[in-house]
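K.L.:
Starting off with a structure, shown below.
The values are calculated or read from the model by the stated rules, or taken from the named source; none is laboratory data. Computed from a predicted structure; not experimentally measured. We place every Cβ from the backbone using ideal geometry, glycine too, and count neighbours over all the protein chains shown. Each accessible area value is taken on the protein alone, full model and side chains, heavy atoms only, with ligands, DNA and RNA left out. Shrake-Rupley method; radii C 1.70, N 1.55, O 1.52, S 1.80 Å.
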Amino acid sequence: MSTFGSTRRLIEWVEALDGIKLPRMPRHTLDVDLDARRLAEQIYADPALVLSMIRHINSRSRRHMDSRLHSMEEAVILCGANGVQQVADSLPSAQSALTKKRYRGYLLTCERAVHAACQARLWAGRLADMLPNEVFTGTLLRHTAELAMWAHPEGVMELIREIAPDPTYTTDAEYVTLGFTLGELNSALAKEWRLPYLVSEASQGLAANSRSPRSWTVGLATRLAALAPAGWNHAEMINVREALGELLEIESDDVYEMIASGAREAAEMLPWQPVTFNSLLQKPDPETAPDEAAPPVTSRGGVCLATRWPIVRRIRKELESRDYQRSAERLTLKAEHRHSETDHVANLIVTGLYDGLGLSRVLYAQIHGDHETLSAYMLRGVEGNPVFHRFRVDITPDTLIRDICQQPAAVWVRRSHYQKLQPRLPAALQSLAEGRPFYLASLFAGDRIHGLVYADRHRADNDLDQSSFNAFRKFCALGAVRLANP
């Protein structure tokens, strides 16, 4: 399936959204006579006001002096009560600015943003973060691109939600509609609008272990809020709960209580009864709590990404000629820091497999300095999924991973062979596949393993085929050559 709904490139959407003003949430009030801390807490309840305060202050500062705003306490001090009121008065109301359908979608996204931000701030406090409100701000603004798209008159978000109402498949729907994901757009907007660095970092398709604990907190809270309508026992929610327990070093019962506490805090902040996270407001009763041994609630629907051979050929040519300009531009558009040529090669590999071959879940894992451990580094199509973000595997035990890490190799674990091979699949790999057929390739630099590529198709009924495996194998082999000699 090719992209549809929009023909704009990522940079063109950044330009198109530049002048947009997010509308104020209904029934949200401000008391500008409050002290700075309490007024800031009121501002935090409206994502549009938070974004507008930051952009207002940025517009008054010199562009070359990049002292970014990170919290609303700072904003209130810099603007004063009158400035806060002026910014609030300059924003349109959601009721008047949006159609009925976009109004509902916009408000539900606002609700998810506030819920995610409350969860992340609570977790940051548990992690003894010195400035948890910065984490709150970063998480709230992680939803900027989606809110801006709801406010944009073309109705792109309506199409995305129609294609994939289940958050499990949202990334695929975003890609086929736009040609990129909202996470990529959010990262680009964060850079262009000089939002806090945490917003950009948390929006990139990097694995958890390649980012700061703060940005992983943002990513995990954002994913939890997206999955919340499905309740406690959605398959991916179980993974989120496990990842949160590991992040905070708490037991499963405490994880339930932590999530319920964050949901209750968000409910108190919203000017309406919560819709998207109502089921998480209470810790499950022991008698009705999800049975960890029972089959989890799974997702249905979604879209299939088709192979796009012109993209495959273009990226293959770029790898062959060491032309990293397009890759560098794409990474620079989304990220604040410089990237190495190795990053450009890895980005071309995952882009070729995802955008080109239509493999909708792609992971690139790098070898550690001990030459015994591989862990996730770059991701496509699985941003926010803890199983992919936390992928880590030892290459020394006698498993399929060791087999292909002894020399350059590519394997296709077919559906018909999965059960037979299962004893030789390490737990980390089984967690990725969940019974799906998949491709796996080892990338060598010289005579040493450099990385590992995993790819499959998201929908269980969208099977792999011989032509895509042949292209996958050739693509990874060429990528390995470039990793050895960038």
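K.L.:
Would it be correct to say that Ala164 is closer than 23 Å to Gly358 by Cβ and either out of contact with any Leu (no Cβ under 8 Å at 6 or more places or on another chain) or of a type outside the set (Lys, Arg) (or both)?
P.N.:
Spelling it out, Ala164 is indeed closer than 23 Å to Gly358 by Cβ and either out of contact with any Leu (no Cβ under 8 Å at 6 or more places or on another chain) or of a type outside the set (Lys, Arg) (or both).
K.L.:
Still on this structure: Restricting segment 71-108 to residues that are closer than 18 Å to Val135 by Cα and in a helix (DSSP H, G or I), which is most open to solvent (accessible area, probe 1.4 Å)?
P.N.:
Only one residue fits best here, namely Glu74.
K.L.:
If you scan segment 416-438, which residues turn out to be under 18 Å from His389 (Cα atoms), touching a Leu at 6+ places or on another chain (Cβ under 8 Å) and touching a residue at least 24 places away in the same chain (Cβ under 8 Å)?
P.N.:
Pro426, Leu429, Leu432, Phe438
K.L.:
Here are some residues: Arg402, Arg390. Which one is open to solvent by 50 Å² or more (accessible area, probe 1.4 Å), farther than 22 Å from Trp309 by Cα and more than 17 Å from the chain's Cα centre (by Cα)?
P.N.:
Values: Arg390 fails: more than 17 Å from the chain's Cα centre (by Cα).
Checking each option against the conditions leaves just Arg402.
K.L.:
Enumerate the pairs (first residue in segment 362-389 and over 19 Å from Leu331 (Cβ atoms); second residue anywhere and modelled with pLDDT of 90 or more and of a type in the set (Phe, Trp, Tyr)) with beta-carbon separation below 9 Å, excluding pairs fewer than 6 apart on the same chain, so at least 6 apart or on different chains.
P.N.:
Final answer for the pair search is Leu374/Phe391; Ser375/Phe391; Phe388/Tyr454.
K.L.:
Report every pair of residues separated by at least 6 positions or lying on different chains whose Cβ atoms are under 6 Å apart, first residue within segment 238-260 and touching a residue at least 24 places away in the same chain (Cβ under 8 Å), second open to solvent by 70 Å² or more (accessible area, probe 1.4 Å).
P.N.:
Here the result reads Leu248/Arg126; Tyr256/Lys283; Glu257/Lys283, each pair linking segment 238-260 to a residue that is open to solvent by 70 Å² or more (accessible area, probe 1.4 Å).
K.L.:
Now for a separate question. Could you check segment 122-143 and list, in sequence order, the residues that are assigned to a helix (DSSP H, G or I) and either open to solvent by less than 30 Å² (accessible area, probe 1.4 Å) or of a type in the set (Phe, Trp, Tyr) (or both)?
P.N.:
Scanning segment 122-143 gives Trp123, Ala124, Val135, Phe136, Thr137, Gly138, Thr139, Leu140, Leu141.
K.L.:
Now for a different question. Please pick out the residue among Asp166, Asp172 that is crowded, with 23+ Cβ neighbours inside 10 Å, more than 13 Å from Thr139 (Cβ to Cβ) and modelled with pLDDT under 95.
P.N.:
Sole residue among the options that is crowded, with 23+ Cβ neighbours inside 10 Å, more than 13 Å from Thr139 (Cβ to Cβ) and modelled with pLDDT under 95: Asp172.
K.L.:
To continue, here is another question. Within segment 213-236, can you find the residues that are in contact with an Asp or Glu (Cβ under 6 Å, 6 or more places away or on another chain) and under 15 Å from His115 (Cβ atoms)?
P.N.:
Leu227 - this is the single residue of segment 213-236 that is in contact with an Asp or Glu (Cβ under 6 Å, 6 or more places away or on another chain) and under 15 Å from His115 (Cβ atoms).
K.L.:
Something else about it: Based on this model, can you work out whether Glu154 counts as part of a loop (DSSP other than H, G, I, E, B), closer than 23 Å to Gly19 by Cβ and in contact (Cβ under 8 Å) with a residue 24 or more places away in the chain?
P.N.:
yes
K.L.:
Just for segment 175-231: of the residues that are of a type in the set (Ser, Thr, Tyr) and outside any helix (DSSP H, G or I), which one is least open to solvent (accessible area, probe 1.4 Å)?
P.N.:
Ranking the candidates gives Thr181 first.
K.L.:
A further question on this structure: Name the pairs whose Cβ atoms lie under 7 Å apart, with the first residue in segment 105-133 and closer than 16 Å to Leu280 by Cβ, the second open to solvent by 10 Å² or more (accessible area, probe 1.4 Å) and of a type in the set (Val, Ile, Thr), and 6 or more positions between them or separate chains?
P.N.:
Leu108/Val275; Leu108/Thr276; Glu111/Val275; Glu111/Thr276; Arg112/Thr276; His115/Thr276; Ala116/Thr222
K.L.:
Can you tell me which residue is modelled with the highest pLDDT among those in segment 235-260 that are assigned to a helix (DSSP H, G or I) and loosely packed, with under 15 Cβ neighbours inside 10 Å?
P.N.:
Ranking the candidates gives Glu257 first.
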